[in-house]
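Since every read-out is calculated from the coordinates, none of them should be taken as a lab result. Please read these numbers as outputs of a predicted model, since none were measured by experiment. When we count neighbours, we look across all protein chains shown, and the Cβ atoms used for this are built from the backbone with ideal geometry, even at glycine.
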Amino acid sequence: MYGGGTIFENIKGTELENEDPGQLAAFEARIDRGEKIEPRDWMPALYRKQLIRMIEQHAHSEIIGALPEGTWITRAPGFKRKMALMAKVQDEVGHAQLLYSAAETLGKPREQMIDDLINGKSKYSNIFNYPAFTWADSCFISWLVDAGAIVNQLANAKGSYGPYCRALDRICAEESFHLKYGHHCVIYLATGTAIQRAMFQEALDRWWAPMMHFFGPSDNISAHTETLMRWKVKMATNDDMRNQFLDMYVPKIWELGFTIPDPNLRKNETTGRWEYTEPDWDEFKRVINGDGPCNKERLAVRRIAEERGRWVREALQSKQNVYVTPLA
Amino acid sequence: MKVVSLDPRVNRLPEISGIDSISRKAPLDQFGTYEVFVQPKEGKPFQHEGIVHAPNLELAFLLAKETLTRRFMCSSIFVTDTRNVFVSPTTENDQNVYDLIPSAGPAQGNARPYEIFHLFKRGKQHVHAGQVAATSPQEAMWIGGQSLRAGKMIYNVWAAPTDTFRFTRDEERDLWLTLPEKKFRDAAAYKAGDKLKTFLEKK
């Protein structure tokens, strides 16, 4: 699942001053040639820092994203839906492991990343700070949040850092079932009873604003990311990703006869871009800074899991266990 | 802090009411990492698939099976501690890394087998090339350059002593036999085109 709307730090104009100009030029030339950067290659400290930040946020989003859907496994309608949702949630947690491994190759140990998550220092995708009230909310996540994530992940898989691209290739291959499963669930609700249709419409009404936030603040207010795009850390602007998602999925939502809760949503055929009511970015900032409906619960559940698993880790720990940075 | 969840299981967690009192995670309680190599199909070469964190080699094998061979076809895996893998420099363009690996000089001590892995393209995974007998990792790479290069462009080499690996045993080869039965993990199991078509026609 997820990988959108990464919050990058503002880049200061002085951050590249200490880099060796020759090495920096060779690094940029390699990226321009379309070659991947591997863990032991020289890289600017800023590239390393921003990649760790991005991959780590992505990994956290996978494990936190498993929580609102995981809640629905026991209540999913029927055995087949339960099996599918369980497999999907298992995949998401597996994706977190792949992503933590990719970030680790840059020098930040996994345990430090998990520590930063449960202490609130690292962010994760804002959309998982909202609750899944009904089965239809779970279906919305499986179909449309995953769809948004795939838009983002397919773009990032063409980025410059080898281990992240390899993890994303694998993740995208696994996601193909998630998207089909999610669409299948929504088609069943859409073609079902009036109550089922109303249930999905209500979920759509609840999740549309977080979905528009999903790709991150609009380009005119988001952090300066030209350097990150040149280095192929960020592969498209937030607005471009949002536009691509709308282009691919709004027609599919309309086809099912649902109403998207934005009277201004339309495609401008002249520009080819979607027009919409500007999302409430103050709400986005408020939630991402901890004041959303589920922030406390999400972190509490992770902290309790860490706490409850500690005795197992301690029992298995031995002096022979020595952590080193993984290879690739 | 009071957390009230929609999920009754969360509300039943005894710790949930005193969540702030839970101590910070113990620093660096992490396990070592193990490199995992997967053979997707009988006869195909093993390739590097990723890492797992584990307390020992045997558990690394088990976790590798769960983490990296849960979904796609697999016939065998092997794992080794990251610390056992010796890594050459990485080259680019038309620079073959084997041209940079010097001869290790006269052999000293007893030779042992090493597994050799090649990187054929930046951004791709290392692929298992074969086994050589050598007295040191550097010698193993040098011998690999003589016997396993096969005229190919190679950008990076890994060498690891064979006796440090946990291989799949013959009696374990049925571990992956049930993978094709798990249709619920397959996108093709979720066809709803007819249902959608009927719905659209009625509309």
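Okay, here's what the table says:
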item	result
Relative contact order of chain B, defined on C-alpha pairs under 8 angstrom at six or more residues apart (%)	19
Pairwise label distance in nanometres, B:Lys2 with A:Arg48, each label 7 Å out on the Cα-Cβ vector	4.8
Shielding by partners, peptide A:317-324 (average Cβ within 10 angstrom, other chains)	6
Simple label model, 7 Å out from Cα along Cβ direction - A:Trp311 to A:Asn289, nm	4.1
Per-residue average of Cβ from other chains inside 10 Å of B:52-58	4
Histogram of C-alpha separations across chain A, 10 Å bin width, %	5, 25, 33, 23, 10, 2, 0
Residue of A:Glu38, A:Glu62, A:Glu19 that the Gaussian network model of chain A assigns the largest fluctuation, springs spanning Cα pairs under 10 Å	A:Glu19
Helix-only [θ]222 nm of chain A, DSSP H runs n ≥ 4, -39500 (n - 2.57) each, per residue, nearest 500	-19000 deg cm²/dmol
Built amide H within the under 5 Å cut-off of A:Ile37, gap 5+	A:Tyr161, A:Gly162
Selected from B:Ala192, B:Ala111, B:Ala160 as most flexible by GNM, with chain B as the system and alpha-carbon contacts under 10 Å	B:Ala192
Relative contact order (%) - criterion: Cα under 8 Å, at least six apart; region: the stretch A:190-328	18
Partner aspartates and glutamates for B:Lys195 [C-alpha distance under 20 Å; skip if fewer than 8 residues away on the same chain]	A:Glu255, B:Asp186
Subset of A:Lys232/B:Lys124; A:Lys88/B:Lys203; A:Lys88/A:Lys267; A:Lys36/A:Lys234; B:Lys44/B:Lys152 violating a 21 Å alpha-carbon distance limit	A:Lys88/B:Lys203; A:Lys88/A:Lys267
Degrees, to the nearest 10: B:57-68 long Cα axis against longest axis of chain B	60
Unpaired by the 4.7 Å Cβ criterion, cysteines found in the protein assembly as shown	A:Cys165, A:Cys172, A:Cys294, B:Cys74
The stretch B:29-168: mean projected area of Cα convex hull, nm²	9.3
Sorted peptide list for B:64-75, A:177-188, criterion being average Cβ within 10 angstrom, highest first	A:177-188, B:64-75
Residue among A:Ala96, B:Ala160, B:Ala64 farthest towards the positive dipole end of the protein assembly as shown, charges placed on Cβ	B:Ala64
Inter-chain shielding of A:53-65 (mean C-beta neighbours from other protein chains, 10 Å cut-off)	0
FRET efficiency, 1/(1 + (r/R0)^6) with R0 30 Å, evaluated for A:Lys252 and A:Arg230 via beta carbons	0.30
Using alpha-carbon coordinates, inclination of helix A:162-190 to the longest axis of chain A, degrees	10
Residue with peak Gaussian network fluctuation, chain A [Cα springs, cutoff 10 Å], from A:Asp240, A:Asp32, A:Asp91	A:Asp32
